[in-house]
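Okay, so here's the structure we're looking at.
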Amino acid sequence: MKRISVTVVNITGKEPFYVQWRDHKGNKVRRSTGTSKKREAQDFARKLEETLNQSHRPDDGTMLLETLMLDWCEEVGPQRAKKSIYKVTGAVAHAQRILKTQCLNDLNAQSLSRLVATLHQDHELAGVKSIMSGLRLLIRWAHKTNRMPHLPHFPTFSISDDDAAGGEPMTDEQFARLLQAVPKVLPSVQVQGYLDLLHGLWYSGMRLGEAISVRWDDAPMCIKWSGDKPTLRIRPKTDKSKRGRECPLTRDFAEFLQTIRKDSGLVFPIVKLKRRGAADAITTDHVGKTISKICEHEFQGEVYVPTAHDIRRSFGCRWALKVPQPKILQELMRHASIETTMKYYARIKALTIQEQIWNM
């Protein structure tokens, strides 16, 4: 088999450097090094070349976990949503960091149990399940493609409805405090962008990744106007359920959109501060960490510190009390199945009604 050669390239003449190579099928592959320093990029290329050319017999479990991940990204990644790719690559990163894992044979029932136990120290139960599901997806593919002779036993653990739902709905008072904290934490160039984004999340119930991707003009995810009643159009490749659909939007969100409406571009453009060696693209992770930073500043020392996703939970809670049928709530929340809607929000509706009755 011909040896793979990895070279450092500067595609745009700007940072960061990239590496590129041709795989064993002759396809050109390109990947960011994440650095603007040429020496670091060359070290990255050298290590990657060693990994790609690591000799192994793909059916005996001696394949490197890093190599398996790269194979999965090349062969399966193009058919998967970005979220699935991030889940798999993130799971591999956790396994390598905690278990010091190199080969597939290092993954067994004992090491996976140790991985779960360590993850529990820094993550909620739902987060542990997400990480392990990414690793399980990769390992099952390895077994199916004869890269691993035997499937290891994965630890089983159940998640209660409360744990699965994660945090708590953000209250009106908490949301007002969050808005007031934005100019205290962020530089002035970022303030308006994050204020618009937070209002958009509050009125729409969008997931954070959806909100930072939605555009005014024709795009995989865009706002489509019909008179003064906008809808959210999501094409199959972008849709979490892979179906593609046109979703209704609430009146208060439509009224808010009218105040910031443009002909093209992102609905919620976020200014990212330039840092040497940093990528220009705005990611869900970056925006989520920024909102967490604002929340931690404002709610530090309190029993519960809200998160960006708690704004979506608040939207679901408010509209669970307004709409007569769960099916309508499902459309507003863009859940793939009605079971998800019932599981996450039926209990919220019952508890909120109970609170109203007791306060009458």
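We did not get these values from a lab; they are worked out from the coordinates using the rules stated. For clarity, every value in this text was computed on a predicted model and none was experimentally measured. Virtual Cβ from ideal backbone geometry, glycine too; neighbours counted across all protein chains shown.
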So if I place +1 on the C-beta of Lys and Arg and -1 on the C-beta of Asp and Glu, and nothing else carries charge, what would the dipole magnitude of segment 67-131 be about its Cα centre? I want it in debye, nearest 20. 180
Given 4 °C and 1.567 mPa s, compute D for segment 279-343 with the Stokes-Einstein relation, Rh being the Kirkwood radius over Cα pairs; round to the nearest whole µm²/s. 93
If you filter segment 34-124 for trypsin sites (Lys or Arg not before Pro), then keep DSSP loop positions with at most 10 other Cβ within 10 Å, what is left? 100
Report the full-extension gain for the segment residue 340 to residue 321: residue separation times 0.36 nm, less the Cα-Cα distance, to one decimal in nm. 5.1 nm
Over segment 57-158, with a single point scatterer placed on each C-alpha, what log10 of the ratio I(q)/I(0) does the Debye formula yield at q = 0.16 1/Å? -0.63
Honestly segment 172-358 on the Cα gyration tensor test (a ≥ b ≥ c root eigenvalues; a/c under 1.5 rounded, otherwise a/b vs b/c for prolate or oblate) is just oblate
Links that overshoot a 24 Å alpha carbon limit, given the list 229/322; 82/144; 37/293: 37/293
Here the FRET efficiency for residue 177 versus residue 250, based on Cβ atoms and R0 = 30 Å and rounded to 0.05, is 0.85
